[in-house]
Each structure stands twice: as structure tokens, then as C-alpha cells.
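Each remark here refers to the structure printed beneath this line.
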Amino acid sequence: MNAFQGRVTAALADPTLKTAIDRTTNTARSKRAAAIAAWPEFAQARELGRDMKDHVIANMEYYLTMFEANAVKTGAKIHWARTGQEACEIVVGICKAAKAKSVTRSKSMLGEEIGLPHALEAAGIERVETDLAEHIIQLAGETPSHIIWPALHKTREQVGELFRAHHTDPGELATVEEMVSSARRNLREKFMAADVGISGANFLIADTGAICTVTNEGNAELTTTPPRVHIVTAGIEKLVPSMVEAMTMLRLLVRSATGAELTQYTTFHAGPKQPGDVDGPEEFHIVLVDAGRTTMLAEGLAEMLRCLRCGACMNHCVVYRQIGGHAYGATYPGPMGSVITPSLDGLETSQDLPRACTLNGQCHEVCPVAIPLPTLIRGWRTKAWVQGYEPLHTAWALRIWEFFALRPVLYQLASNLALRIMPLFAKGGWISKMPLAGGWTRYRDMPIPQGGSFLAQYKKRQAAK
Amino acid sequence: MKNNPPRVALFATCLVDAMRPQIGFAALALLEQVNCLVEVPMGQTCCGQPALNSGDQDGTRKIAKHNIKLLAGFDHVVVPSGSCAATIKKDYPDLFETDPVWHAKAVDLANRTYELLSYMSDIWGWRPKNVSCATTATYHDSCSGLRSLNVQAQPRAMLASVAGLEMRPLEGANVCCGFGGTFCVKYPDISNAIVAEKAAAINATGADLLLGGDLGCLMNMAGKLHRDGSKIRAFHAAEILAGMGDGPAIGETA
Ligand code: SF4
């Protein structure tokens, strides 16, 4: 059993995981469906979003230059990072220059992708996660299992246990409200004491140099406003030309992610505190990260760069909903992860991800920017086949089958022979065990063939006419 | 269309050919009702989907060329499976993107190819007459037919004309059953978890029959239902529409 299969087995055997996954994703799906049903222009907006993203990706240099120039005008300092490691070094460097002992961080998948939590720890800087779910997984010493709800794999009951073990004065923790207020009491002081706040960005707005964050807990605002220094890390694909496009994308993103019309907090940050401002950071840094994005373009994955990280594809994925996010063994789970991970981590080690997919297409159907995820997933299978990664036994089975498929007479001979053998394994119409069919018959019965192929029967029937 | 009535090739698919010829005969019966001149080209084997989905594009191209040649000259090619029809209609042209000669031939074939249930309804406006099946049934939408070919309303509209048949809605009818071709044997544990959820939804309808338009998915669901001791029986919708609903269901011996 390889590592992926091992994680899958563990996930399927976990007694609470499926309950936890269903609680969140079932709600997410029905809320999204209602939001889309109440939005007659969804199809149009989706096309607009797709075209806008494609336009920006095709003119990346132009918009990056525009963003940089405008951001600098607001007083922001721009940093460029080619790799995740470079990005982490830049962030740690800024923290050290600010003599930061403690940083607050609001949830950012890019931060996870480039390994920022680890880099901060390695530098001896205390990291305080301000997003409730990130706080939970920080306490548990885990990684996110969903890009919108990082602690989706944990049940309320498990979160209660965790808080009881780690919080001071956790109280009863009988309701979600009590859990939230315990977290709030435990985190509030740290929010205020932090030297640096680190956030991601949902959009980088080229014509103003502003960045936009959306959250439901208001933690991004607490991360970015009280500390002296605010650092934004953002993938270069987050660019949009102007506020107009940001609005369209916001509508698509939020409805697809949670089914709400808008998040509780939608904040635009432009540069550091200006004279006359009541609050805001003294320093405002934006780290623009490539970390494999340009490579994805070159690998024919341009469409993947449209991704808004809304999570709809995983909420609707039959595989994700059984195995959860951790089984994917990567930063990004679900359909979008199965496209991104082979590019980020290499195909050889992640070849199971694109293969463990039924190609049912629901992810593409719900994706707010119409990313053809199944096509891209199949594209990785083609690469895996060409590079010889397909396991030998299935590769040979396929080759033998192709040999027959191209020789109809032999094919019919072989198939009618097999059709005569199969019933020997049957009991009352069904086969519950048969050599070479273990993958099927471990869990399901196989109907016995009706006897004689269709072509053979048809030929007989025609001859009798 | 050159001929009137049209010359139609029935592409039975490898699964129907081997596992359930009755679906092929049901398709023939339906096509004859709309007066098509139906032929069953003897050189047919498979559409090549297992190779395509395993990433073997060269192998798929060879099979595609074989089928393009085999099916040349027919006015229509009808396939009793949404996923195999979609392979011919959607994937064949893509496979020859860099080969203008074969690309043109693939597009030509794609334009003439139809999934059986949508063909009967969309092209011919056909509804069953004097077909009865006094029972309850539920319908699962197989993914490729649904998402690539828009097969959803047609089978339901035709089944509504079957006398005595009461259709029960299936919760999550548009959600994958976990078959996925080779997926179900490459990742049997995941596939099982998915089909177990599907089987629970089917059982919850309380219907006597499970209907669908793709034998692969039907075998997956019927096999799971049978393993779990469910009494629900499965048919391809074409079998019911052709009046074969009183015969053996999938997995039953005559
Ligand atoms: S691929 Fe599409 S559906 Fe999935 S997270 Fe990205 S934008 Fe959302």
C-alpha cells in the first residue's frame, strides 16, 4: 500500500471524520445552491469572471507593474519572491527587522502553501493564529483539511476537548457560542500585543494598489490594524484590473464558498497609516509570490490560475466527501488540489491524486470561474502514462485490452470465451468472488453476463430472419 | 441527413455487448419504432474510454480511428450510454487537435453521434405507447450523460408515458455513484464508500426499480444493492421503454 492509499484507509476508518465532513459540506452545498438559484445572472457572471481572469493571466506583467506602481504610491513596500522559501525569508526578515517577538496571522492558504507557519516557528517567532479554525488546528498541531474551513475535520465535541486542554478558564464549552468566546478571551490579548500582523489577500487591485481581504470573523482586521507592521503575502494570480472586476469576483467567490451574499467583513487595505488616520500599521509590506505559478502557465495549467480558492469544488467532490482533506497529503485538497499538487510537489509522488477521481464533472459545473478541472486532471494522467508511472499490471492489462479492441474478430472470440467462464463463479445470477475482479467484488456483487455477446446474439438473430 | 429514413448505426458499447445484450436489443426495438434503418456494425468493440481515462492518448487515438472508419457513412450513430457517447462526441475531436485530417473526420462523427435516450426524445419526440410497467421506480443521472450531453429531462419525460409506472425522486440523483470506470477497481475503498451512500439514497426512495442510462453505473449500484441485501432491481431505462420491464433485471437469471 502506498502512502496515499494508507491515508485513505485511515480516513475511511476514522469514526467521526465523515460526520464532520458532512456537517460542513452538506450545509455549504445547500446554501450555495440557494444563493445561485437566487442569482439569475450567475452564468453570465461566471463567464465574465473566467474571461477576466484569463485576461489578467495573459497580461500578467502589465498588471503586476501597474499594481506595483500604485501600491508604492500608497506607501506600501513591494517585495518579489520567486519561490515559497524566498517568500518566507522575506517575511521572517521583515519580522526580525521589526524586532517582532510575536506575530498574528489571519488565515491564508498561500501561507500554508509556502510553509510560513513553520518558517516563523523556526525563526523563534511566536505565531498566533487569529482565525478560529486556524487557532483550532494550531492547538491540535495539524494542517488545514479544507481551504475555507481549515478545521472541518474536527467535530464540535473534539474542539471542546481541545479548548478544555489548552485554554485558560474555558468555561462550560457546551455551545458553539461558548467555544467562540473562550477562544476570544484567550486570543484577544495576543491580538493587541503582536508586533506584526500577517495576512493573505483575496484580490490585488491593480489600478489602486489596494488589497482586499474577506473574512467572517473580523480577525483579518484585528491582524492588520493594531500591529505596527502589516505584511501581506499574495500569489500573483490574485490580481484584478480594478475595483469593478473585484466586485464581480467577490460576488462569485462568496456565494460559491459559503452561499452568503457577502462575507461579514470585506476590507480594502491601501498602504500604511497616513497622517490623520486614527489607526493602521506604520509599515505595510506586500510580498508578491510566484512559487510555481509561472511554471503552471508553462505546463498548460493556465486555467488553474483562475482559481479563487472558494472551495466549492471540494464541497461537491464525492471523493473529498469520503476521505477528507488530509488524505490528499498536500496543502490543497479536493479537485483543485489534484490539479495543483502534481505541479507544486512533482507528479511522481502525487500521481494518485489525479487518478483517484471519477471524472464526474460536478467540480467543473460548480466552479465559479469555470475551470475545466476534470480535463486538467486527465491531463496529469496522460503525463503520468507517458512518463511510465502507471502501475505495471494496469498498464499491461490496458495494453492487452487495446490489442483486442483493435481486432474485432479476436475480441469477440476472447469475450465470448470469457462470458462462458464467468458464470462458473456465480451463485444465483451474481458473482461475489472472481479472480482478477477483487477490486469490484470486495464490496459489490457482479451480475453474471446474460450469455453470449450482443454481437453474437444479433448475428444469430439476423441469420434466422 | 442523406437518407430518409436515416441509416443508423447502433454502437452497443463493450459493456452492453458483454454483460447485458438485452440493452442492445431494447435499443434496436426503440430505433425501429421511429423507422430508422438500423445496422449493428460487426467491427465494433469499445469507444476507448478506459485508455483515455488512464492517460493513454496514443492507444485511444488508435481505437478512435478504428471507430471513425467503422462508423463512416451512417447518418446517425446511436449509443445506449452517456459516457461512451460523450467520449465519441467530445473527446475524439480533442484527441486529433493537431491532425487536421483526422480532426475533421472526428468532428464529422461527433456531429452524427447521439446518446440513445436523448436521441429518441430530442430528435424524434418519441414517447412510449401501450407500454406498461406497474411499479415504482427512481432514476439516477449518470454524470457524463448529464454534464456533457444534457441528458436529464428526456428519460424522465419518456418514462412518464409508461402506464402504471410511478417515478420517485432520488435525493442526489445528479451525484456520482462512484463507478468512474477504472476508478472503481483502482480505488475500491473510496468507490465503495461513495456507492454505499448512493445505495442508501436509492433505498430511501422505497422504489422497486432503479433506472439509469449507463450500464457501468447501473452495475455498480445494482451490485452494491445486491451485496447489501436490498430488493431493489435495476434496469437500463431503454429496457423499460421498450417494454422489457417484465423480464429479468440486471443480475437476474431468466
Ligand atoms: S477550482 Fe474553482 S471551485 Fe475549486 S476552489 Fe478554485 S475557484 Fe473554487
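The values are calculated or read from the model by the stated rules, or taken from the named source; none is laboratory data. Remember, predicted model here, so these are calculated numbers, not experimental data. Please note: Cβ atoms are built from the backbone with ideal geometry, for glycine as well, and neighbour counts cover all protein chains shown.
Among the residues of the range A:361-406, those identified as within 8 Å of chain B (Cβ to nearest Cβ), of a type outside the set (A, V, I, L, M, F, W, C), surrounded by fewer than 19 Cβ atoms within 10 Å (Cβ to Cβ) and over 27 Å from the mean Cα position of the chain (by Cα) are A:T394, A:R399. A:M1 falls short on exactly one of the conditions (1) hydrophobic (A, V, I, L, M, F, W, C); (2) modelled with pLDDT under 95; (3) part of a helix (DSSP H, G or I), and that condition is (3). Condition first: without any contact (Cβ under 8 Å) to a residue 60 or more places away in the chain, farther than 26 Å from A:L116 by Cα and surrounded by fewer than 24 Cβ atoms within 10 Å (Cβ to Cβ). Can you find one or more residues in the range A:306-326 that meet it? So far as the range A:306-326 goes, no, none of its residues is without any contact (Cβ under 8 Å) to a residue 60 or more places away in the chain, farther than 26 Å from A:L116 by Cα and surrounded by fewer than 24 Cβ atoms within 10 Å (Cβ to Cβ). Checking each residue in the range B:208-229 for being among the small types (G, A, S) and either within 8 Å of chain A (Cβ to nearest Cβ) or within 26 Å of B:E115 (Cα to Cα) (or both) picks out B:G212, B:G213, B:G216, B:A222, B:G223.
Kindly indicate which of A:P449, A:P435 is at pLDDT below 90, facing chain B (nearest Cβ under 9 Å) and outside any helix (DSSP H, G or I). Criteria check complete, one pass: A:P449.
Taking the range A:217-243 as the range and being under 18 Å from A:L132 (Cβ atoms) and either of a type in the set (D, E) or assigned to a helix (DSSP H, G or I) (or both) as the test, the residues that pass are A:E217, A:N219, A:A220, A:E221, A:L222, A:T223, A:T224. The single condition among (1) of a type outside the set (G, A, S); (2) part of a loop (DSSP other than H, G, I, E, B); (3) closer than 29 Å to A:P226 by Cβ; (4) more than 14 Å from the ligand (Cβ to nearest atom) that A:V318 does not satisfy is (3).
Per-residue answers, yes or no, for (1) assigned to a loop (DSSP other than H, G, I, E, B); (2) within 14 Å of chain B (Cβ to nearest Cβ); (3) aromatic (F, W, Y):
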position: A:L12; (1), (2), (3): no, yes, no
position: A:P15; (1), (2), (3): yes, yes, no
position: A:T19; (1), (2), (3): no, yes, no
position: A:T25; (1), (2), (3): no, yes, no
position: A:R46; (1), (2), (3): no, no, no
position: A:E61; (1), (2), (3): no, no, no
position: A:L64; (1), (2), (3): no, no, no
position: A:A69; (1), (2), (3): no, no, no
position: A:I90; (1), (2), (3): no, no, no
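Looking at the range B:139-240, the strands (runs of 3 or more DSSP E) lying wholly inside it that each contain 1 or more residues that are surrounded by 24 or more Cβ atoms within 10 Å (Cβ to Cβ) and either small (G, A, S) or touching a residue at least 40 places away in the same chain (Cβ under 8 Å) (or both) sit at B:209-212, B:233-236. Restricting to helices (runs of 4 or more DSSP H) lying wholly in the range A:106-216: which have 1 or more residues that are within 30 Å of A:L64 (Cβ to Cβ)? Result: A:109-114, A:116-122, A:132-140. Residues of the range A:327-358 that are free of Cβ contacts under 8 Å to residues at least 40 places away in the same chain, more than 15 Å from the ligand (Cβ to nearest atom) and either of a type in the set (A, V, I, L, M) or in a loop (DSSP other than H, G, I, E, B) (or both): A:G346, A:Q351.
Conditions tested, residue by residue: (1) assigned to a helix (DSSP H, G or I); (2) in contact (Cβ under 8 Å) with a residue 12 or more places away in the chain; (3) under 25 Å from A:N360 (Cβ atoms); (4) away from chain A (no Cβ under 11 Å).
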site	(1), (2), (3), (4)
B:A29	yes, yes, no, yes
B:I68	yes, yes, no, yes
B:F74	no, yes, no, yes
B:Y92	yes, yes, yes, yes
